[in-house]
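The values are calculated or read from the model by the stated rules, or taken from the named source; none is laboratory data. Computed from a predicted structure; not experimentally measured. Here the Cβ positions follow ideal geometry from the backbone for every residue, glycine too, while neighbour counts run over all protein chains shown. Quick note on the areas: whole protein, heavy atoms, side chains included, nothing else; ligands and nucleic acids left out. Shrake-Rupley method; radii C 1.70, N 1.55, O 1.52, S 1.80 Å.
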Amino acid sequence: FLISGHGTKGVFELLSGWRRTRENLPFKDRVADAYSDVMVSYTMTSSLYFIAFGMGASPFTNIEAVKVFCQNMCVSILLNYFYIFSFFGSCLVFAGQLEQNRYHSIFCCKIPSAEYLDRKPVWFQTMMNDGHQHTSHHETNPYQHHFIQHFLREHYNEWITNIYVKPFVVILYLIYASFSFMGCLQINDGANIINLLASESPSVSYALIQQKYFSNYSPVIGFYIYEPLEYWNGTVQEDLKTLSQGFNTVSWIEQYYQYLRVGNISATNKSDFIGVLQSSFLKKPEFQHFKNDIIFSKAGDENNIIASRLYLVARTSENTQREAVELLEKLRPLSLIQSIKFIVFNPTFVFMDHYGLSVTMPVLISGFGVLLVLILTFFLVIHPLGNFWLILSVTSIELGVLGLMTLWNVDMDCISILCLIYTLNFAIDHCAPLLYTFVLATEHTRTQCIKNSLQEHGTAILQNVSSFLIGLVPLLFVPSNLTFTLFKCLLLAGSCTLLHCFVILPVFLTFFPPSKKHHKKKKRAKRKEREEIECIEIQENPDHVTAV
């Protein structure tokens, strides 16, 4: 799904560049013009995709799922780029040959003459027509008759740049920014385990009931001691009490100590402690279930306890997940500095570890991505203000997606992190051509410049984003919460990008720099230099032809 967004962008941009060429040119010149017009920017955006996901595929990434995904993305980007550069270009050459020789682009047969088509039914005329009126077949720019191009030029450009529409667009952006900022303040840290399950799974029902009725208790934590200890030693007993302080414990050690106190039994040495434990305590019916928690070994006539386990349960507040992570972060360092060697584990710790990284990972990777954009635009400066507008637009889209997906109950899990990285590239892919065409335009007014920019790139952007969003529809029918998260994030990425390209940027670029007054002054100066007075001598002879 992610690679389709970048791939179709290259296809539609190259197709748009091909349609902007003159049809009366040789097809080799048309392909050359299309490649020179499109492939430079597409090469830059592909490079940015490759570098951004290359960072995710590097050894610095400590989440294996993200690393594998980014590796596959890098390979897909390379294959996609060479597909556009080679195969799709060859298809354009073939299409140019068909157009030049007036062959049908689908059936590859000669297009009948107009007289022949007039005698046939309407469906036959529709199928066999080449799409051009015969009076305009050799126009210099037949792309102007494309229905999206016509709509943008004749209707949308005039409407979005209307002085009465601009205040409403500003209000719309303020609402967008407010909701985005509000969502960014309510980010849910970490992955909810329910999102990793199928929608109709019984595990979802279990997790919901557990969160509803028993959320004030942490998961049952296994406390595993993996070395022989002097359990009869008072110092060791105090250390074990300190480690389990604050927990509700299910422990053979506590039960055994209580058993010794109630029975007034002395077990201050090794032989007495293990003898009473094996011969009396573990033989009682109420304590027999502790047999599986103690591992004995026999060396000669002596028995030793080489490992044991107990269970800890912590009482927590409503934010069980956050407190469980904090609990995990406190217990693990203790296992390294305490004299007792132990391990704490619960199967949910796998997700807790991911939860602990889920806040730092997107911040670090997004930060590296923004820094990379700054470096690339610094060395490849097309226009300083163009770079500034690009960074501003990408930041607005990124924060918008982050805030709105939080308001849509999307947690910061592995899928949302990858989508945030992808949003950075997706926004650059669509905003960069529009912005750089605007800042390099030489028209007299900013309004005319943004109209030309939308007319040149609007069709490709609209076609690509529409195809991308339509391609997401099958995700709605997959019975998976994780897939639905992917749908939400990509839908927001496409919608926010479309909103900026067609609504926000066309209005805000007419208010702020770069100014087009210097272009106007330059044109006036050149026009004054070219102004000359030509004197024409007209003789009285009416038959004389005067040349000017």
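I'm trying to understand the selection: among the residues of the range 26-45, which are touching a residue at least 12 places away in the same chain (Cβ under 8 Å) and hydroxyl-bearing (Ser, Thr, Tyr)? So that I can check it myself, show each step before the final result.
Residues of the range 26-45 that are touching a residue at least 12 places away in the same chain (Cβ under 8 Å), as a first pass: 26-28, 30-31, 33-35, 37-39, 41-45.
TYR35, SER41, TYR42, THR43, THR45, listed by residue number.
Could you grab me the full set of residues in the range 414-460 that are of a type in the set (S, T, N, Q) and more than 18 Å from LEU385 (Cβ to Cβ)?
To start, the set of residues in the range 414-460 that are of a type in the set (S, T, N, Q) comprises 416, 423, 425, 437, 442, 445, 447-448, 452-453, 455, 459.
Within the range 414-460, SER416, THR423, ASN425, GLN455, THR459 qualify.
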Of everything in the range 441-460, what is of a type in the set (A, V, I, L, M, F, W, C) and in contact with an Asp or Glu (Cβ under 9 Å, 6 or more places away or on another chain)? Give them in sequence order. CYS449, ALA460
So is ALA177 in a helix (DSSP H, G or I), modelled with pLDDT of 80 or more, aliphatic (A, V, I, L, M) and over 30 Å from LEU15 (Cα atoms) or not? yes
Matching helices (runs of 4 or more DSSP H) fully within the range 398-504 where at least 3 residues are open to solvent by 30 Å² or more (accessible area, probe 1.4 Å), outside the structural domain of PHE69 (by the TED database) and among the aliphatic types (A, V, I, L, M): 446-471, 481-499
The condition from (1) farther than 17 Å from ILE305 by Cβ; (2) out of contact with any helix residue (DSSP H, G or I) (no Cβ under 8 Å at 6 or more places or on another chain); (3) β-branched (Val, Ile, Thr); (4) open to solvent by less than 30 Å² (accessible area, probe 1.4 Å) that ILE225 misses is numbered (1)
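Within the range 21-37, is there a residue that is of a type in the set (Phe, Trp, Tyr) and more than 23 Å from GLY494 (Cα to Cα)?
Looking for residues that are of a type in the set (Phe, Trp, Tyr) and more than 23 Å from GLY494 (Cα to Cα), one finds at least one in the range 21-37, hence yes.
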Neighbours by Cβ (under 6 Å, 6+ apart or cross-chain): first from the range 48-75, crowded, with 18+ Cβ neighbours inside 10 Å; second among the basic types (Lys, Arg) and at pLDDT 80 or above: ALA57/LYS67; THR61/LYS67
Of everything in the range 94-114 that's modelled with pLDDT of 80 or more and in a helix (DSSP H, G or I), which residue is farthest from SER47 (Cα to Cα)? LEU98
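For the range 78-93, state whether one or more residues are in contact with a Pro (Cβ under 8 Å, 6 or more places away or on another chain) and either in a loop (DSSP other than H, G, I, E, B) or surrounded by 17 or more Cβ atoms within 10 Å (Cβ to Cβ) (or both). Steps first, please.
Filtering the range 78-93 for residues in contact with a Pro (Cβ under 8 Å, 6 or more places away or on another chain) gives none.
The answer is no, given that none of the residues of the range 78-93 is in contact with a Pro (Cβ under 8 Å, 6 or more places away or on another chain) and either in a loop (DSSP other than H, G, I, E, B) or surrounded by 17 or more Cβ atoms within 10 Å (Cβ to Cβ) (or both).
Is it the case that the range 29-43 has a residue that's in a helix (DSSP H, G or I), basic (Lys, Arg) and open to solvent by 20 Å² or more (accessible area, probe 1.4 Å)? It would help to see each step written out before you state the result.
Just the residues of the range 29-43 that are in a helix (DSSP H, G or I), to begin with: 29-43.
Still in the list and also basic (Lys, Arg): 30.
Right, trim to open to solvent by 20 Å² or more (accessible area, probe 1.4 Å) and you get none.
No, the range 29-43 contains no residue that is in a helix (DSSP H, G or I), basic (Lys, Arg) and open to solvent by 20 Å² or more (accessible area, probe 1.4 Å).
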Conditions: (1) basic (Lys, Arg); (2) open to solvent by 50 Å² or more (accessible area, probe 1.4 Å); (3) at pLDDT 55 or above. LYS523 meets all but one. Number of the miss? (3)
Determine the pairs where a residue that is assigned to a loop (DSSP other than H, G, I, E, B), located within the range 14-25, has a partner that is open to solvent by 40 Å² or more (accessible area, probe 1.4 Å) and at pLDDT 85 or above with Cβ atoms under 6 Å apart, the partner being 6 or more residues away or on another chain. THR21/ASP33
